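The structure under discussion appears below in the form of structure tokens.
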Amino acid sequence: MERFQDVPELVARFDCLAETQAALRFRERERLAEQEAVRARLQRLRDAWPEELLAQGQRRKQLQERLEAARERTLQWVRPAPGFHRRAARSARADEDRRGNT
């Protein structure tokens, strides 16, 4: 052991290596705990995904129904009632006749 000239150097080197090993084990435990937390979160997301997808589909259906109802209401405002043009034409002729007679 030419590298270490005396026992105190050997003990100091051993202590340093032991501290490094302990720090590495501590970090490993932290990383494993983080990994387990991420795994658990991923599993919760996977479990919740079908329910979320169903809820979004139902919400989409409701919004489509509301949109269709709004379109129908808009068309009722824009589209004249059946017979509107004939009544309007008759009303216009009657107005002309009244103006001509007065």
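Just give me the residues in segment 62-82 being of a type in the set (A, V, I, L, M) and surrounded by fewer than 10 Cβ atoms within 10 Å (Cβ to Cβ), in sequence order.
Step one: of segment 62-82, the residues of a type in the set (A, V, I, L, M) are 63, 67, 69-70, 75, 78, 81.
Of everything in segment 62-82, those that are of a type in the set (A, V, I, L, M) and surrounded by fewer than 10 Cβ atoms within 10 Å (Cβ to Cβ) turn out to be L75, V78, A81.
From the list L45, L17, L32, which one is among the aliphatic types (A, V, I, L, M), in a helix (DSSP H, G or I) and modelled with pLDDT under 95?
Only one candidate qualifies: L45.
Does R59 satisfy being surrounded by 10 or more Cβ atoms within 10 Å (Cβ to Cβ), in a helix (DSSP H, G or I), out of contact with any Leu (no Cβ under 7 Å at 6 or more places or on another chain) and at pLDDT 95 or above? Before the answer, list the steps.
Details: surrounded by 10 or more Cβ atoms within 10 Å (Cβ to Cβ): yes; in a helix (DSSP H, G or I): yes; out of contact with any Leu (no Cβ under 7 Å at 6 or more places or on another chain): yes; at pLDDT 95 or above: yes.
So R59 passes the test.
Applying the selection to segment 62-102, what residues are of a type in the set (F, W, Y) and at pLDDT 75 or above? Before the answer, list the steps.
Within segment 62-102, the first condition is being of a type in the set (F, W, Y), and the residues that meet it are 77, 84.
The one that is of a type in the set (F, W, Y) and at pLDDT 75 or above: W77.
The values are calculated or read from the model by the stated rules, or taken from the named source; none is laboratory data. Quick caveat, the model's predicted, so the values are computed rather than measured. Please note: Cβ atoms are built from the backbone with ideal geometry, for glycine as well, and neighbour counts cover all protein chains shown.
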